[in-house]
Structure formats: structure tokens, C-alpha cells
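No lab work stands behind these numbers, since they all come straight from the coordinates. All figures in this text were calculated on a predicted structure; none of them were measured in a lab. Every residue, glycine among them, receives a Cβ derived from its backbone with ideal geometry; neighbour counts consider all protein chains shown.
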Amino acid sequence: MNGWIRRRMAGWACAAALAWPVGAVAQLEPARAAFEKEDYAAAYQLYKPEADKGAAEAQYRVGLMHKFGWGAARDHGAAARWFMAAAEQSHADAQFELGIYYKDGRGVSKDMGKSAEWFLKASEQGVGIAQLNLGRYFLAGTGVAKDPVAAYYWLTAAAQNGYIDGMALRVPAAEEMTPEQIKETNARAKQAPRKAN
Amino acid sequence: MMLRPFFIALLLAGAGFSAVVQAAPFAYVANEKSGNITVIDVANDTVVATFPAGKRPRGMTASRDGKQLYVSDQPANALQIVDLASRKITGKVDLGESPEGVYRSPDGKLLAVAVEEDNSVHFINTATGKRDFQVKTEGENPEHAVFSRDGKWVYVSAEESEVVDVIDVATRKVHTTIKVGKRPRGIGFTPDGKLAYIACELANRVYAIDVSSHKVVAVIPAGVRSNGIRVHPNGKTVFVSNGADGTVGVIDVASNKITKTIKVGDRPWNMAISPDGAKLYVANGRSNSVSVIDTAKLEKTTDITVGDTPWGVYIPD
């Protein structure tokens with residue numbers, strides 16, 4: 001194979017690699033549109049092949065549809081498997097859903113430690129409701145060692161993300177902290193991860 | 001005997017007092033942090049009493065005969081039963097962890113209590129005072145569990161999901177789950193039973209749902225942190241409280257649009273309407289007050305000071 005052909009093939013390979021994400025998103029658009037219109041049967045038919053191919057967003061949506069019985073059989077085991085597939089690809093909302101599933105023992109065996117782990121991953125990506133749950137866990141020592149500073153941090157982060165309950169919930173944590181700890185944690189929380197609602 | 005007229009007068013006075021306590025329309029305000037309920041005389045918007053109601057009272061509903069008030073008490077994980085004549089707690093029903101909204105079925109036979117940490121709705125038999133059954137919700141952290149006008153369905157808002165669960169009361173199961181906006185909270189049904197309105201706090205939107213199909217038929221932009229819903233008895237207007245704006249939005253049901261916004265106190269939340277529909281009472285959680293709105297003029301007429309962190313107002317119908 002001469003150099004010219006090699007260079008051309010390399011160029012085409014690069015173009016294909018750059019185009020793939022755009023193509024993948026474009027392929028999900030009809031599925032997303034069907035989902036938004038509540039045409040769940042159509043959404044499932046469109047999302048499922050993409051989920052099978054490994055698209056995290058599609059896996060998350062298929063998980064949701066099995067969780068709620070939208071266009072698919074209500075099946076918490078199947079939902080948990082799809083959430084896991086997406087969560088392992090760092091899909092933040094899927095990580096939150098998995099945290100809930102381990103918390104409730106739905107589709108998986110109840111495991112508060114694993115619930116906390118997935119809430120932490122989702123929290124680090126700015127999922128406000130995961131931050132609220134994680135903050136509660138640190139306050140009560142559920143699935144994690146009790147830690148008022150961590151509780152205060154995550155509950156403040158949750159409040160900044162719109163879950164204002166966090167402000168009231170962090171009060172017991174503040175009672176176990178020094179003024180310096182509160183000041184430092186408030187400053188740190190200003191930089192806490194946020195995800196658009 | 002000379003004392004007889006005195007005792008007769010005393011008996012008559014007591015009967016009259018009891019009649020006043022039971023007959024006058026009263027608005028009950030659950031004050032979360034002060035652990036009591038403020039009683040407002042709806043006729044003249046004055047506070048007539050305050051009584052203890054557990055540690056953290058929130059949702060309330062009355063028995064159909066108006067004699068008892070059922071109040072969810074969050075740390076007690078129970079429903080407190082208050083005798084309204086004496087305004088004293090006379091019993092309780094143990095529930096799961098963190099009960100919140102309490103609603104009565106139209107026939108008065110059942111109460112539906114949303115129990116947050118259990119992810120379930122507990123159904124209490126009002127005749128026996130005991131739980132008949134409970135239904136696990138698909139959504140996470142249920143807040144309100146409201147009967148449809150025909151009593152066939154209970155719509156449940158899940159604070160930590162973006163869904164409303166629809167419970168079929170006869171089969172005691174979740175019939176379907178409706179996708180709405182982020183953080184669904186207050187729910188109200190129109191008097192004809194055809195529509196349900198749900199405020200979604202983090203979406204700043206109100207969702208209108210056709211009850212016959214359980215499908216969303218309109219999404220109405222509301223104020224910031226829209227959360228409480230109250231439907232006017234005439235079925236033409238829905239009120240939505242906007243927690244961050246400190247306002248109440250007025251939705252015209254025919255057009256499903258906000259037609260007016262009324263300034264109230266800080267963090268307005270759950271509301272009630274007087275039985276004649278003339279006045280809307282809005283609990284302002286951060287002002288420790290209740291705003292009263294004239295529903296004909298759509299203007300605030302007064303603010304009434306109540307206890308610490310009022311969660312909501314309830315007026316028996």
C-alpha cells in the first residue's frame with residue numbers, strides 16, 4: 001500500500017472517529033423526540049438498539065422505561081442492569097438511579113454501602129438529588145461513616161442545586177462542627193459540582 | 001332550687017360555645033417548627049386559638065363529620081388524631097418513616113398518607129382508625145397523595161423523581177406512572193374530575209393531566225419554585241404558589257395560562273380555599289404568616305401571623 005493511500009485512509013479514519021459521537025447523538029434524536037411526546041413504545045424501539053450498541057444515554061432511557069413500565073415491561077431487574085451499564089460509563093443520572101435501587105433493594109439486593117458509592121459518583125457530577133441523599137447518609141452514618149463535615153458539604157451543594165431542604169437538613173451537622181470548619185466548608189461548597197436541571 | 005337556672009344557663013352556654021367551635025369555618029395552619037396548629041376564624045381572619053399537634057405537624061385533613069382533624073407528625077412517624085371540639089390529641093395511627101401529605105377520600109372512608117422514606121402511600125380506614133393497606137410507589141419520596149374526585153384514583157407526587165404515580169384504589173396497585181417535570185409537589189383536581197394539576201418545583205412549571213387517560217395535556221410555565229396547588233371550587237381557576245418568587249400565580253383553566261401573579265409572603269407553600277370560594281389562604285413558610293387573597297379581585301387583603309414555619313393551610317369542607 002503506497003504512502004498516498006495510507007495517508008488517505010488515516011484521514012478517513014480520523015474523520016470517522018470525529019463524526020461518530022455526532023452521529024450517535026443524531027441517531028438518538030428521534031428516540032428522544034418520541035420519549036418527550038410520551039410515545040414510549042416508539043421510544044423503546046428506537047432506544048433499545050442503541051442501548052445494545054452501548055450508548056449510555058440510550059441505556060439510561062431503556063432503564064427508565066423498564067423502571068416505570070413505559071413502552072416496556074415494568075422490570076426492576078432489567079432496569080437495574082441497564083442503569084448499571086450506563087452508570088459504568090459515567091452517566092450521572094443512571095448513577096443516581098442505581099443509588100436509589102441499592103437503597104430500596106429494587107432490582108438488586110439492598111446495599112447501603114453501594115448506594116452511597118453510586119450517590120457519591122452522581123454527586124461528584126453535580127446531580128443535586130444525589131447530593132441531598134448523600135448528605136443525609138453522612139449525617140446518619142448510612143452506608144458510610146458518620147461525618148458531619150461531609151454531610152454539611154453535600155447538603156449545602158444540594159441546596160445550591162435547587163434542593164433547598166439541604167439548608168435545613170445541614171443544621172444538625174453544623175452543631176457538630178467548629179466555626180472554622182463551617183467557614184471552610186461553606187467556602188469549599190461554593191465550588192461544589194452543579195448540573196443543569 | 002336557685003342554682004337550677006344557673007346550671008341551665010351554664011349548660012346552654014357550653015352548648016353554644018361547642019356549637020361555635022364546631023360550626024364556624026376555621027382554617028387550620030400546621031406550623032412545622034413550633035409543633036402546633038394555628039386556628040383562624042375565616043369569617044374575620046383572626047387567630048382564635050393555637051394548640052399543640054405533635055413535634056412537626058405537616059399535612060392535615062378532617063373527618064367528613066368535621067369532628068376530627070388528622071395531622072401527619074413527621075418525627076413521630078404517625079398520624080395524630082385531634083378532637084376538634086377540645087382541640088386535643090386523642091389518638092394516633094403509627095405509620096412509616098416521615099409521613100407528609102394527608103388526604104381524605106370523597107366518601108370519607110379512607111385517608112391516604114404519603115410516607116416519604118417508605119416510598120409508599122398508607123391507606124387508613126376512618127371507621128377503625130387502622131391502616132387497611134399500603135401501596136409502594138415507583139417514584140421516590142412521595143409528598144402528596146390526593147384522591148381524584150370520584151375516589152377511584154390517588155395521584156402521588158414523588159419529590160425525588162420526575163413522576164406522578166397513579167394508584168388504583170380498588171386494586172391497591174400503581175396503575176401507571178406519568179412523567180412530569182423535576183420535583184413534582186402539590187396536586188389538585190378540578191371539581192368535574194377531568195383534570196389534575198401538578199406543580200413541579202425545579203421545572204418551574206405546572207402540568208395539567210387528563211384524568212381519563214392519565215396523560216399530560218398542557219405544561220404551563222409558572223414562577224420560580226412552583227410548589228403548592230389549589231383549585232377554585234368554580235373549576236375555572238387554579239392557584240400555584242411560587243416559593244422563590246414569593247408569589248401566587250393564577251392559572252385560567254380554559255386557556256391553561258397564568259393570567260395574574262399576586263405578591264404574598266416568603267416561601268409560599270400549601271394553600272386552602274374557604275368553602276364559599278371567596279378567599280385563598282397561603283402559608284408563607286419563611287414569613288411565619290398566612291396571606292389571604294380575595295379570589296374575586298385577585299388581591300391580597302391581609303397577612304396573619306401564625307407559628308414557626310407554616311407548612312400549609314387546611315379548611316374543612
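Rounded to the nearest 20 Debye, what is the dipole magnitude of region B:180-309 about its Cα centre when Lys and Arg each give +1 and Asp and Glu each give -1 at the C-beta?
For region B:180-309, the charge dipole is close to 340 debye.
Neighbouring Cβ atoms within 10 Å as the yardstick, rank B:128, B:295, B:261 fewest first.
Details: B:128 9, B:295 20, B:261 16.
Lowest count first: B:128, B:261, B:295.
Go through region B:228-317 and name the trypsin sites (Lys or Arg not before Pro) that are in a DSSP coil and have 13 or fewer other Cβ atoms within 10 Å of their Cβ.
B:236, B:297
Could you work out the pair-distance distribution P(r) of region A:90-197 from its alpha-carbon pairs, with 10 angstrom bin width and percents rounded to whole numbers?
Using 10 Å bins, I get a P(r) of 18, 49, 28, 5, 0 for region A:90-197.
Could you please rank A:88, A:36, placing first whichever residue has the fewest other Cβ atoms within 10 Å of its Cβ?
Ordered from fewest to most neighbouring Cβ atoms within 10 Å, A:88, A:36 come out as A:36, A:88.
Take each complete run of DSSP H in chain A, measure how far its Cα atoms stretch along the helix's own axis, and keep only those covering 20 Å or more with mean Kyte-Doolittle hydropathy at least 0.0; list them.
Span-like helices here: A:3-36.
Which distance in nm do the two modelled labels at residue B:168 and residue B:302 give, with both placed 7 Å along the Cα-to-Cβ direction?
Taking the two extended label points, one gets 4.9 nm.
Ranked by Cβ crowding within 10 angstrom, fewest neighbours first, how are B:280, A:98, B:298 ordered? Let's see the in-between values first.
On the way: B:280 26, A:98 29, B:298 16.
By the 10 Å Cβ count, ascending: B:298, B:280, A:98.
What is the sum of charges around residue B:314, taking Lys and Arg as +1, Asp and Glu as -1, for the other residues whose C-beta is under 12 Å from the C-beta of residue B:314?
Taking every Cβ under 12 Å from that of residue B:314, the sum is +2.
Separation between the residue B:175 and residue A:167 pseudo-spin-labels, each 7 Å from Cα along Cα→Cβ, expressed in nm?
Computed distance between label sites residue B:175 and residue A:167 equals 3.9 nm.
Tell me what chain B gives for mean residue ellipticity at 222 nm when only DSSP H runs of n ≥ 4 count, each as -39,500 (n - 2.57), the sum divided by the residue total, rounded to 500 deg cm²/dmol.
It lands at -2500 deg cm²/dmol.
How big is chain A on each of its three principal axes, counting only the C-alpha atoms and giving the largest first in Å?
Largest first, chain A extends 70, 46, 29 Å along its Cα principal axes.
Between residue B:127 and residue B:88, what is the spin-label point distance in nm, taking each point 7 Å from the Cα along the Cα→C-beta axis?
For the pair residue B:127/residue B:88, the computed spacing is 2.9 nm.
Using alpha carbons only, how many degrees (0 to 90, rounded to 10) separate the axis of helix B:3-23 from the longest principal axis of chain B?
The angle comes out at about 10 degrees.
Once you charge only the Cβ atoms, +1 for Lys and Arg and -1 for Asp and Glu, what is the size of the charge dipole of region A:90-197 about its Cα centre, to the nearest 20 debye? List each step's numbers first, then the result.
On the way: 13 positive and 12 negative charges, 33 e Å.
It works out to roughly 160 debye.
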